[in-house]
Amino acid sequence: MTDTDSTTTGPLGPDDITADSPFTLPGFFDALAEGRLVAARCTECDTQMLPPRPACYGCGSRAVTLSEQPRTGEVISYTSVNRPPSAFEHLAPITVAVVELDSSARLTGRVEASLEDVAIGDRVELRIDDPETVDIDPDFDLSYEEEWPAHVFELL
Ligand SMILES: [Zn+2]
């Protein structure tokens, strides 16, 4: 992947957005499976989008580029989800947090801790797991999600 590759840096046209493009959710998870957490950054207004989007939701520009993200950050908001997606039903209630990564991009994700043990300002690190090796229900609703890596924040 290089900066001159039109599929990884904008302005993007409709033909650039294939299923393999990291600007799509499957492409985002492919990169995650390789251990890379990538956001899109708007080169016009600097908005960071995580997971990446092919156009900026801040200003509408298609001049977006990929930027690799740190896996550590801070909890800025959190809640308990009593009825999570079916793959996580047996873990309910689960804790979900909005985490501001050290790059200032924000990612919402599951936290491996009970609600009482989480507080705003807590430092967390994203862990990426092979779905085969973790305790989540393999009977996903959508077949294409089966091979997506599971990701969860751990308290530091
Ligand atoms: Zn923008």
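Read the figures in this text as sums done on the coordinates, not as results from a lab. Just so you know, these numbers come straight off a predicted model, no measurement behind them. So basically every Cβ, Gly included, is an ideal-geometry build from the backbone, and we count neighbours across all protein chains shown.
Modelled spin-label separation between GLU74 and ASP129, with each label point placed 7 Å from Cα along the Cα-to-Cβ direction: 2.8 nm. Counted by Cβ distance under 12 Å from SER104, the other residues give a net charge of -2, where Lys and Arg count +1 and Asp and Glu count -1. To one decimal place, what Kirkwood hydrodynamic radius in Å is obtained for the range 69-118 from all pairs of distinct Cα atoms? The Cα-based Kirkwood calculation yields 11.3 Å. In this label model, ASP102 and LEU115 are separated by 3.1 nm, measuring between points 7 Å along each Cα→Cβ vector. Between SER86 and GLU44, the contour length at 0.36 nm per residue exceeds the alpha carbon distance by 11.2 nm.
Name the residue from ALA63, ALA97, VAL118 whose Cα lies farthest towards the positive end of the charge dipole of the range 57-124, charges +1 on Cβ of Lys and Arg and -1 on Cβ of Asp and Glu. Highest projection toward the positive end goes to ALA63.
Rg to Rh for the range 26-93: what is it, with Cα atoms only and Rh by Kirkwood? The partial results should precede the final answer.
Details: Rg = 15.1 Å, Rh = 14.1 Å.
On the Cα set of the range 26-93, Rg over Rh gives 1.07.
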